[in-house]
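To start, the structure under review is shown below, and the notes come after it.
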Amino acid sequence: MESSWFEKAMSFMKLGRHKVALHCCERALELNPRDWEILILKGGIMEKEGDYQEALRCYERATEANPRSAHAWYNKGAAYGNFGQYRKALGCFQEAERQGHPGAAAAIKDCQEALSREEFNPRMHAVPTKPKQKSK
């Protein structure tokens, strides 16, 4: 990891200067495109900027670069959860738990609850009713 770029990016992110922090991440990734810590940080910045798709791509790259990173798996699961893709999120949280992430167990439980609600969607089982006719 290019620690000086990482430290700069963290500092700028904490100050709310996301564009500058993102620039620092990009510079670090030019030097090492597989720097999983920078990829996680960049993903977090992208989330703060509202670009959830790019955040997910960063977390995917981070888990490819370091499959043993509990934080990369956890963040990837959270990103999938934000998209309502709870099955994918669950798999990521389970891997995060295997890698020792302290918040993974609670996230797994939340995903399982979301999936159980998704499987029984009351709108899917509603009895269609005839629309009321307007009175004249």
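A short reminder: the numbers here are calculations on the coordinates, not readings from a lab. On a predicted model such as this, the values are computed, not experimentally measured, just so you know. In this analysis, Cβ positions are derived from the backbone assuming ideal geometry, glycine residues included, and neighbour counts consider all displayed protein chains.
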What number of residues within region 45-91 satisfy the criterion of being buried (at least 20 other Cβ atoms within 10 Å of the Cβ), within 11 Å of the chain's Cα centre (by Cα) and either among the hydrophobic types (A, V, I, L, M, F, W, C) or farther than 21 Å from residue 110 by Cα (or both)? 9
Which of the residues belonging to region 13-44 are more than 22 Å from residue 78 (Cβ to Cβ) and either surrounded by 19 or more Cβ atoms within 10 Å (Cβ to Cβ) or among the small types (Gly, Ala, Ser) (or both)? 24, 28
